[in-house]
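These notes concern the structure reproduced below.
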Amino acid sequence: MSSNWLIPIALATCLQTAQAYDYPPLTPDQSTALETAYDGRDHQEAAFIALVENASDYDGNVGDASLRMNPDLEVMLERPGEFRGDLCRLEGVLQQQTELIGAHAGTLEWFLRDESGTPFVVYVVEGARIQFQDGERFQIIARFYKRVAFEARDGEVRDYAAFVGAKPIPIITRSSDLGPIWLVLVIILIMFGVFLFLFLYVRGKRGPLPRRGQHATGTHPGAGPGVDEGGALPDDPADALTELRHRSGEETPPSPHDEQA
């Protein structure tokens with residue numbers, strides 16, 4: 001049996017596990033400027049301008065640029081000089097976004113958290129052109145910039161790994177798609193349960209239904225089943241007995257009075 005059919009499958013698997021992106025390489029001038037990055041300070045420096053220029057040329061198309069698929073943020077914080085300028089694929093939930101002012105207006109400063117809960121910073125070039133919502137999950141291709149220090153919400157100053165990239169892509173998970181559907185189904189089940197409870201409650205209040213052949217009126221506790229009181233009975237005992245049998249539905253022969261008539 002020929003194994004040629006395995007080649008397309010192997011190629012597809014390699015493409016899925018080692019995706020590459022057509023991200024522009026750093027020019028010699030940009031690489032030189034990036035070497036001047038000062039860890040622990042803000043972005044007001046030539047290294048940041050170089051990375052912004054580089055990210056501005058990214059068209060978002062798939063290419064052959066190599067990148068780190070799962071960068072270790074903790075290691076990057078410890079040894080930022082070893083990873084500076086490396087291209088990385090990042091995923092995280094957007095926690096906070098702020099647009100820069102001055103010469104870098106239009107660039108957004110994002111704070112995100114990855115799956116492990118580790119926070120990091122991404123400067124999104126020209127990100128102000130699109131509306132992004134806090135709480136959404138994004139994927140973005142960005143170059144590692146440096147270690148930055150910010151005051152956290154609890155008042156403590158903490159270090160964050162900072163990147164510069166462009167064209168983030170929102171990630172829609174299957175659970176988020178089905179969330180509204182499950183919510184509707186739960187509401188429907190609750191409404192059905194309430195309706196069934198009310199139906200059984202009202203039916204119980206009305207009591208059991210009368211048996212077939214019985215009437216709701218014209219009966220009394222002492223009467224037999226299906227016997228209608230009707231009007232007054234005749235004075236003659238024989239005629240009275242005949243009338244009772246007739247009311248109970250029994251076939252009776254005609255009385256002597258009827259034969260005389």
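The values are calculated or read from the model by the stated rules, or taken from the named source; none is laboratory data. What you see is a predicted model; the values in this text were computed from it and never measured. When we count neighbours, we look across all protein chains shown, and the Cβ atoms used for this are built from the backbone with ideal geometry, even at glycine.
Test residue 47 against the criterion of being on the phi < 0 side of the Ramachandran plot, assigned to a helix (DSSP H, G or I) and modelled with pLDDT of 95 or more, and give yes or no.
Numbers: on the phi < 0 side of the Ramachandran plot: yes; assigned to a helix (DSSP H, G or I): yes; modelled with pLDDT of 95 or more: yes.
Taking the combined requirement at face value, the residue satisfies it.
Of the residues examined, residue 92 is one that is in contact with a strand residue (DSSP E or B) (Cβ under 7 Å, 6 or more places away or on another chain) and either closer than 28 Å to residue 53 by Cβ or not β-branched (Val, Ile, Thr) (or both). The single condition from (1) touching a Phe, Trp or Tyr at 6+ places or on another chain (Cβ under 8 Å); (2) over 16 Å from residue 164 (Cβ atoms) that residue 73 fails is (2).
Go through 190, 141 for me and flag whichever is outside the structural domain of residue 38 (by TED's automatic domain parsing), of a type in the set (A, V, I, L, M) and at pLDDT 90 or above. Lay out the reasoning, then the answer.
Working: 141 fails: outside the structural domain of residue 38 (by TED's automatic domain parsing).
Of the residues listed, the single one that is outside the structural domain of residue 38 (by TED's automatic domain parsing), of a type in the set (A, V, I, L, M) and at pLDDT 90 or above is 190.
Evaluate the following for residue 75: is it in a strand (DSSP E or B) and either touching a residue at least 12 places away in the same chain (Cβ under 8 Å) or exposed (fewer than 15 other Cβ atoms within 10 Å of the Cβ) (or both)?
Working: in a strand (DSSP E or B): no; either touching a residue at least 12 places away in the same chain (Cβ under 8 Å) or exposed (fewer than 15 other Cβ atoms within 10 Å of the Cβ) (or both): yes.
No.
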